Amino acid sequence: MTTTVLAYLLIVCYFIIERLLRKGEKALSLQPSESDQGSSRILWISGLLSILLALLASILNAIQIGDWNGKYIDWIGVVVMLGGLSLRYWAAKTLGKFYTRTLQTIEEQQIIDKAPYSLVRLFTAGLL
């Protein structure tokens, strides 16, 4: 039960953090730019499905469908959620004013190659 409450609190924290990190009108807009090519829609759908699955999991456990009775599995899930939320916060904070809800670019935008984005660049270059 503790892990379920923690998971729900992390979902609430996600929405709070998302709102607090976005600065400016462009960052709050739901309209993707022309360069988006559908990636924002895919991210929205996958995010929504993830949240629905988290909500559905406790309901299925309550009616004993798929109940693993494994407190270690529960805690691993909470740790993974916390890690994902931390990584998202770090990445968004690194982007600063360039962090938006959908893929958008602005004229003065620069390529960010520090913090978590340096790892992405190394990975895509085949060096990691």
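The values are calculated or read from the model by the stated rules, or taken from the named source; none is laboratory data. Fair warning: this is a prediction, and the values are worked out from it, not measured in the lab. A quick note on method: Cβ atoms are made from the backbone with ideal geometry, for glycine too, and the neighbour counts reach across all protein chains shown.
Residues of segment 57-78 that are of a type outside the set (K, R) and surrounded by fewer than 12 Cβ atoms within 10 Å (Cβ to Cβ): I59, A62, I63, Q64, I65, G66, D67, W68, N69, G70, Y72, I73.
Filtering segment 63-96 to residues that are modelled with pLDDT of 80 or more, of a type outside the set (A, V, I, L, M) and over 16 Å from S118 (Cα atoms) leaves Y72, D74, W75, G77, G83, G84, S86. Annotation: of all residues in segment 6-34 being at pLDDT 70 or above and hydroxyl-bearing (S, T, Y), the one that is surrounded by the most Cβ atoms within 10 Å (Cβ to Cβ) is Y14.
Total residues in segment 69-117 satisfying the condition of being among the charged types (D, E, K, R) and closer than 16 Å to L6 by Cα: the figure is 2.
Listed by first and then second residue, the pairs linking a residue in segment 104-128 that is part of a helix (DSSP H, G or I) to a residue that is not acidic (D, E), with Cβ atoms under 8 Å apart and 6 or more places separating them unless they lie on different chains, are P116/L87; P116/W90; P116/A91; P116/T94; Y117/A91; Y117/T94; L119/L128; L122/L128. For first residues located in segment 41-66 and farther than 21 Å from R88 by Cα, partners that are assigned to a helix (DSSP H, G or I) and lie 6+ apart or on another chain with Cβ distances below 6 Å form the pairs S58/T4; G66/L60. Within segment 1-20, no residue that is without any contact (Cβ under 8 Å) to a residue 12 or more places away in the chain and outside any helix (DSSP H, G or I) sits with its Cβ atom under 9 Å from a residue that is among the β-branched types (V, I, T) and surrounded by 16 or more Cβ atoms within 10 Å (Cβ to Cβ) at 6+ positions apart or across chains. Number of residues in segment 111-128 that are exposed (fewer than 10 other Cβ atoms within 10 Å of the Cβ) and under 22 Å from the mean Cα position of the chain (by Cα): the value is 3.
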